[in-house]
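Here is the structure we will look at.
The values are calculated or read from the model by the stated rules, or taken from the named source; none is laboratory data. Fair warning: this is a prediction, and the values are worked out from it, not measured in the lab. Backbone-built Cβ (ideal geometry, glycine too); neighbour counts: all protein chains shown. The accessibility values were calculated without ligands, DNA or RNA, using every heavy atom of the protein model including side chains. Shrake-Rupley method; radii C 1.70, N 1.55, O 1.52, S 1.80 Å.
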Amino acid sequence: MTFTDRMIELAIAMKSAGVPWQPSAGHYVLDQDRVVQRASPFQEHVYFVLNLPHFVKLAGGVDAFVDKMVWLPTWEQSRQVLRDAGMTDQCLQSILLEKNSIARQEELVTLYELILDRFGGASLSADSPNLAV
C-alpha cells in the first residue's frame, strides 16, 4: 500500500485533531521520529504493524508509541472511524459521488478529510464537503 503526500498530511492533521486511535496489529504507521532503524519495505518511514509488542518496545511503551507514530488508516479502518462518529453509509456514498472520489482514485483522501472534519480539524481543503447527516 502506498500513501500519498496528501494522505500523510491529512493523517498528521487527524492526529493533531485528536482522532482516537487504539494501536493494534494490522495498522500502518508513519514513523516521523525515526524510532524504527530498519528501512521500510513500503515507502520511507511507513510501516505495517504486524508485531505490536515489538513496535511498542522500540518506542519505549504504548504511550510513547502513540505519541511518536502517526496512524495511517486503511479504507476499512477509516470507514469504521466514520461509522463510530455517526456517519451513515448513505451519507458517505453521497459525498463520494458528489466529489467524484472513486473515479478520481481519491476515495481514501476523501475519507481522511471527512474524519478530520468530524473531529473538528481543518480539512486542509477549500472544497470541504458538507457533512450533514
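Of note:
- Selection of the range 65-77 for residues being over 19 Å from M1 (Cβ atoms), open to solvent by 20 Å² or more (accessible area, probe 1.4 Å) and of a type outside the set (K, R) yields V66, D67.
- Selection within the range 22-36: residues that are part of a strand (DSSP E or B) and not aliphatic (A, V, I, L, M). The member of this set that is farthest from R104 (Cα to Cα) is D31.
- Residue tally, condition out of contact with any Pro (no Cβ under 9 Å at 6 or more places or on another chain) and either open to solvent by less than 20 Å² (accessible area, probe 1.4 Å) or under 17 Å from G60 (Cβ atoms) (or both), over the range 18-36: 8
- Counted residues, the range 1-17 - those being closer than 18 Å to A64 by Cβ, surrounded by 14 or more Cβ atoms within 10 Å (Cβ to Cβ) and of a type outside the set (V, I, T): 1
- Residue selection: D67 satisfies the criterion of being more than 14 Å from L111 (Cα to Cα), outside any loop (DSSP other than H, G, I, E, B) and touching an Asp or Glu at 6+ places or on another chain (Cβ under 9 Å).
- Some residue of the range 111-120 being farther than 19 Å from R6 by Cβ, modelled with pLDDT of 95 or more and surrounded by fewer than 13 Cβ atoms within 10 Å (Cβ to Cβ): no
- Test for S40: is it at pLDDT 95 or above and of a type in the set (S, T, N, Q): no
- Filtered residues of the range 37-60 (kept if exposed (fewer than 11 other Cβ atoms within 10 Å of the Cβ) and assigned to a loop (DSSP other than H, G, I, E, B)): Q37, R38, A39, P41, E44, L50, N51
- Test result for V19, of a type in the set (V, I, T), out of contact with any Cys (no Cβ under 7 Å at 6 or more places or on another chain) and in a loop (DSSP other than H, G, I, E, B): yes
- Of all positions in the range 78-92, none carries a residue that is outside any helix (DSSP H, G or I), in contact (Cβ under 8 Å) with a residue 60 or more places away in the chain, open to solvent by less than 80 Å² (accessible area, probe 1.4 Å) and under 17 Å from A13 (Cα atoms).
- Consider the range 93-110 and keep the residues that are more than 25 Å from P23 (Cβ to Cβ) and crowded, with 16+ Cβ neighbours inside 10 Å. The one that is nearest to the chain's Cα centre (by Cα) is E106.
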